[in-house]
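This is the structure, below, for whatever I ask next.
The values are calculated or read from the model by the stated rules, or taken from the named source; none is laboratory data. Bear in mind that the values here come from a model prediction, so they are computed numbers and not experimental data. Using ideal geometry, Cβ is built from the backbone for each residue, glycine included, and neighbour counts are taken over all protein chains shown. Ligands, DNA and RNA are excluded from the accessible area calculation, which covers all protein heavy atoms including side chains. Shrake-Rupley method; radii C 1.70, N 1.55, O 1.52, S 1.80 Å.
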Amino acid sequence: MAQRHLFRTSDPAQILPLKTSDTRPPLTTRIPKRCFRLLVFLLLSFSALVWLYRRSPPGIEPFEDEDDAAEHTLPPLYEAYHDYERHLPQHNLSLPFPEGRDAKFFWVPNHVTASGWGNVMQELLLNALLAHETNRAFVFDNYTWARDGPEYAEYNGRLIPARIPLSAIISGPIVGSAFGPGDPTPRAVHREYFHQVCPNPTILDSNEVVGGDLRYDNNVPASRIFDMWVEKLNSINDPCVEIQLSSPQLFEIWLFGAPRILSIWPRLSQSPILREFSWSPLVLGAFARNAHLFGPKTQSFRFLPSYMQPSSPKPTPTELHNVEPILPAAKVDPITGLLVLHIRRGDFADHCSHLANWSSDWNGFNKFATLPDKFRPPYDGGGGQTTEANTKYYFKRCFPTVEQIVERVREVLADQKRLYGGAKELRRVYVMTNGEAAWLDELKEALMWIKPWDSVTSSRDLRLSWEAKPVAQAMDMLVGQRAQVFIGNGFSSLTSNIVLFRMLRELPPGDTRFW
């Protein structure tokens, strides 16, 4: 399917061609007074009914328009978010130190693209951490599927936004909120502002800073590579530093896919980059709208602002585009009784086969020593091929069947009983998944044989607005953060990011598990 070229225009009437029915002759016939009064009465009555409905729909939080996705034939382009990012208050050369003309910048244009949010986010955290460690303003970009070209890209036969502004997904220091008192780091800025104020930056080839012999060596800790970059950036007087687009990424999948990434945790866990990380108002609003799926509302809405509470008016533009951390990661508390399962389906089967053939390990952030579940890659495989027994071993941990999922949930429930007795009973199940509806029905039925859960729901049960749908993975991650018990996929970067947040909150290690 060819990518579509859609051209933006300042005239809304030119976005899509008019239908014949959209062009009507002017109404010249005179309306009688009695009919006119009746028409006004009917319009006022209808408006009042709509207002009442919007204020208190049963069980649904009116943070976003009901079923507004049905009104659109194409995914959102988030123009208002892009515009807000371009006009952040720190985009001002007249500001005092450490911003304005005194600001120093760090721009990483070779960041990962055409990847899932889990992979993008883990790299984003370390790039922003590096900027903060060197007191440079982090230059942020979009969540990018395609850097250039049409506004839409194709994925699995459907159109998706080619570039989603980060502020539609996250808030906090990475997208421009202020650091705490006494922190000499300037606020993050948009890449367009960087290009405006830094027309001739110092450009670094990442290969010349960290060579392949270190990047691919699993015996070299991530902290050493990170320190090499800190030393290099601190040695440069030019306030404008950019990484060469064609050079390797600073922090690659080879680093995140091995336990050596854990050496960066002491630094990352104490940084405002992670501690003040928050999901965007759009994502938090989607969570609020679906809070009844996860647990009691008194817990689900804890720490959320008033405009996300039931029966509240829609947020103002300022509230919707707020980059300040509304719900910082360091304050996210678990929802009592909630068990969250992260189960990948679809094309992940091919990925699991690839992992087996190369004897791959779990994602590094899934290998904290305090977590009870371990994984050791088999030694009799690798190099692109493996045994049937090894493939089965991988699939049980990477792509479990319904029977294996049920068996694992039973094991975790037994462990919970040994740890807490009956004090922390799990009562609800939420399944983070891309599984098909028929498969999910089979899974839900099988899970109900374990015990009479209060509810078993999944990603397919979410009610999402038009703009929330493309960022639904972020909302799922928030649910995983807030699970009393989480069972994730050790090979998944999305799982590992959830694990990061749970470790930051110092949740009991026995409450974070894997297949």
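When you scan the stretch 190-231, how many residues do you find that are out of contact with any Lys or Arg (no Cβ under 8 Å at 6 or more places or on another chain), of a type in the set (Val, Ile, Thr) and not in a loop (DSSP other than H, G, I, E, B)?
4
While we're looking at this one, here's another question. In the stretch 65-89, which residues are closer than 16 Å to VAL189 by Cβ and in contact with a helix residue (DSSP H, G or I) (Cβ under 8 Å, 6 or more places away or on another chain)?
Within the stretch 65-89, TYR81, TYR84, GLU85, ARG86, LEU88 qualify.
Residue-by-condition table, conditions (1) surrounded by 14 or more Cβ atoms within 10 Å (Cβ to Cβ); (2) among the hydrophobic types (A, V, I, L, M, F, W, C); (3) within 24 Å of ASN290 (Cβ to Cβ):
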residue: ALA349; (1), (2), (3): no, yes, no
residue: LEU355; (1), (2), (3): yes, yes, no
residue: PHE365; (1), (2), (3): yes, yes, no
residue: GLY382; (1), (2), (3): yes, no, no
residue: MET432; (1), (2), (3): yes, yes, yes
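I'd like to check which helices (runs of 4 or more DSSP H) are fully inside the stretch 296-408 and have at least 1 residues that are within 30 Å of HIS87 (Cα to Cα).
In the stretch 296-408, the matching helices (runs of 4 or more DSSP H) lie at 317-320.
Listed here are the residues, each with its yes/no results for (1) closer than 20 Å to LEU507 by Cα; (2) touching a helix residue (DSSP H, G or I) at 6+ places or on another chain (Cβ under 8 Å); (3) of a type in the set (Ser, Thr, Tyr).
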| site | (1), (2), (3) |
| --- | --- |
| LYS331 | yes, no, no |
| LEU339 | yes, yes, no |
| ASP347 | no, no, no |
| SER353 | no, yes, yes |
| GLY364 | yes, yes, no |
| VAL402 | no, yes, no |
| GLU407 | no, no, no |
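If the requirement is being within 30 Å of LEU355 (Cβ to Cβ) and small (Gly, Ala, Ser), which of these qualifies: SER280, SER271, SER247?
SER247
Give HIS111, HIS91 a once-over and let me know the one that is assigned to a loop (DSSP other than H, G, I, E, B), over 21 Å from the mean Cα position of the chain (by Cα) and modelled with pLDDT of 95 or more.
HIS91
Next up: Considering the stretch 87-96 alone, what residues qualify as being touching a residue at least 40 places away in the same chain (Cβ under 8 Å) and either surrounded by fewer than 14 Cβ atoms within 10 Å (Cβ to Cβ) or of a type in the set (Ser, Thr, Tyr) (or both)?
Selection gives LEU93 alone.
Let me ask another. From the list ARG187, ARG147, which residue is charged (D, E, K, R), more than 20 Å from the chain's Cα centre (by Cα) and in a loop (DSSP other than H, G, I, E, B)?
ARG187
Continuing with this model, one more query. Could you say whether any residue in the stretch 239-246 is in contact with a strand residue (DSSP E or B) (Cβ under 7 Å, 6 or more places away or on another chain), in contact (Cβ under 8 Å) with a residue 24 or more places away in the chain and polar (S, T, N, Q)?
Yes - at least one qualifying residue is present in the stretch 239-246.
Quick one: SER246 ticks every box in (1) open to solvent by less than 20 Å² (accessible area, probe 1.4 Å); (2) modelled with pLDDT of 95 or more bar one, so which box is it?
Going through (1) open to solvent by less than 20 Å² (accessible area, probe 1.4 Å); (2) modelled with pLDDT of 95 or more one by one, SER246 breaks only (1).
May I pose another question? Of the residues that make up the stretch 107-124, is at least one farther than 24 Å from SER246 by Cβ and of a type in the set (D, E, K, R)?
Scanning the stretch 107-124 turns up no residue that is farther than 24 Å from SER246 by Cβ and of a type in the set (D, E, K, R).
Additional query: Could you list, in sequence order, the residues of the stretch 446-461 that are in contact with a helix residue (DSSP H, G or I) (Cβ under 9 Å, 6 or more places away or on another chain), open to solvent by 20 Å² or more (accessible area, probe 1.4 Å) and not hydrophobic (A, V, I, L, M, F, W, C)?
LYS451, SER455, SER459, ARG460, ASP461 - these are the residues of the stretch 446-461 that are in contact with a helix residue (DSSP H, G or I) (Cβ under 9 Å, 6 or more places away or on another chain), open to solvent by 20 Å² or more (accessible area, probe 1.4 Å) and not hydrophobic (A, V, I, L, M, F, W, C).
How many residues are open to solvent by 10 Å² or more (accessible area, probe 1.4 Å) and either assigned to a strand (DSSP E or B) or not charged (D, E, K, R) (or both) if we restrict to the stretch 251-268?
8
Taking the conditions exactly as written (under 30 Å from TRP449 (Cβ atoms), open to solvent by less than 70 Å² (accessible area, probe 1.4 Å) and over 28 Å from the mean Cα position of the chain (by Cα)), does THR401 satisfy them or not?
Here the answer is no, as THR401 does not meet what is asked.
While we're on this one: Going by what's in this entry, would ARG147 be described as without any contact (Cβ under 8 Å) to a residue 60 or more places away in the chain, farther than 23 Å from GLY257 by Cβ and out of contact with any helix residue (DSSP H, G or I) (no Cβ under 6 Å at 6 or more places or on another chain)?
When the stated conditions are applied, ARG147 passes them.
Same structure, new question: What tally of residues in the stretch 208-241 results from selecting those that are in contact with a Phe, Trp or Tyr (Cβ under 6 Å, 6 or more places away or on another chain), open to solvent by 30 Å² or more (accessible area, probe 1.4 Å) and closer than 22 Å to CYS198 by Cα?
Residues meeting the conditions: 0.
Shifting gears a bit: So which residues in the stretch 239-250 are under 24 Å from the mean Cα position of the chain (by Cα) and part of a strand (DSSP E or B)?
None - no residue of the stretch 239-250 is under 24 Å from the mean Cα position of the chain (by Cα) and part of a strand (DSSP E or B), so the list stays empty.
Something else now. On the basis of being aromatic (Phe, Trp, Tyr) and modelled with pLDDT under 95, does TRP254 make the cut?
It is true that TRP254 is aromatic (Phe, Trp, Tyr) and modelled with pLDDT under 95.
Among (1) within 23 Å of LEU500 (Cβ to Cβ); (2) open to solvent by 10 Å² or more (accessible area, probe 1.4 Å); (3) part of a helix (DSSP H, G or I), which single condition is MET121 missing?
Result: MET121 fails condition (2) only.
Could you run through the stretch 418-445 and say how many residues are of a type in the set (Lys, Arg) and without any contact (Cβ under 8 Å) to a residue 24 or more places away in the chain?
2
For LEU462, indicate whether it is farther than 27 Å from VAL112 by Cα, touching a residue at least 12 places away in the same chain (Cβ under 8 Å) and within 21 Å of the chain's Cα centre (by Cα).
yes
When you go through (1) closer than 27 Å to TYR78 by Cα; (2) free of Cβ contacts under 8 Å to residues at least 60 places away in the same chain one by one for MET448, which number turns out not to apply?
(1)
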